[in-house]
Amino acid sequence: MIETPLLLSALQFDVTTFLDDMLRLTIAVFLGGIVGAERQLAGQSAGLRTHVMVALGSAVFTLAGIATAGGDLHQVTRVIQGVAAGVGFLGAGAILRMDGDTKVKGLTTAGSIWVAAAMGTSAGLGEYALAASATIASLLVLVVLRPFSRRLDDYALRHEQKD
């Protein structure tokens, strides 16, 4: 049986740290959700929940790295490198090459998953302006550039057929 004072001391934690962590995680979830909602509205397989989980997971790993680094920034940068590399594998799963076709699908979604990880990492570090700026830039790329990208695809297709 665990003694009551020991149990109470294990349950005590710093409320300020808890609230700060919750703020960072909430921002990661919110920003990942914005990009994920755009991807889902665009009909992509990796949508709202995927992007939220990637941003949240990245923020958690970042916070855990900060908590265990003991002030050593090199340790935190190693965590960030691990997140970036690990999420690259997740994004690779979104990329498909169509049989018998030279066209590759899912690159933009893979890129957005990677950026969601960067947004979560930024939120985890408390770099809220960077995380918000990355979200805005992502939306500009995904929404504003979509019509231009389609026009370029149409142009390339028309000229490919003439060759």
Seminar exercise, completed: Checked against (1) exposed (fewer than 13 other Cβ atoms within 10 Å of the Cβ); (2) at pLDDT below 95, residue 22 satisfies every condition except (2)
Exercise. Regarding residue 106, is this residue at pLDDT below 90, under 23 Å from residue 145 (Cα atoms) and surrounded by 15 or more Cβ atoms within 10 Å (Cβ to Cβ)?
Worked result: yes
Exercise. Is there a residue being at pLDDT below 95, in a strand (DSSP E or B), farther than 18 Å from residue 38 by Cβ and not basic (Lys, Arg) anywhere in the stretch 143-156?
Worked result: no
For this session: Give me a count of the residues in the stretch 81-99 that are assigned to a helix (DSSP H, G or I) and buried (at least 20 other Cβ atoms within 10 Å of the Cβ).
Result: 3
For this session: Return a yes/no flag: does the stretch 49-61 have any residue that is assigned to a helix (DSSP H, G or I), farther than 20 Å from residue 22 by Cβ and in contact (Cβ under 8 Å) with a residue 60 or more places away in the chain.
Result: yes
Problem set entry | Residue in the stretch 60-83 that is at pLDDT 90 or above, among the small types (Gly, Ala, Ser) and within 12 Å of the chain's Cα centre (by Cα) present | no
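The values are calculated or read from the model by the stated rules, or taken from the named source; none is laboratory data. Computed from a predicted model, the values in this text were never measured in an experiment. Glycine also receives a Cβ, built like all others from the backbone with ideal geometry; neighbour counts cover every protein chain displayed.
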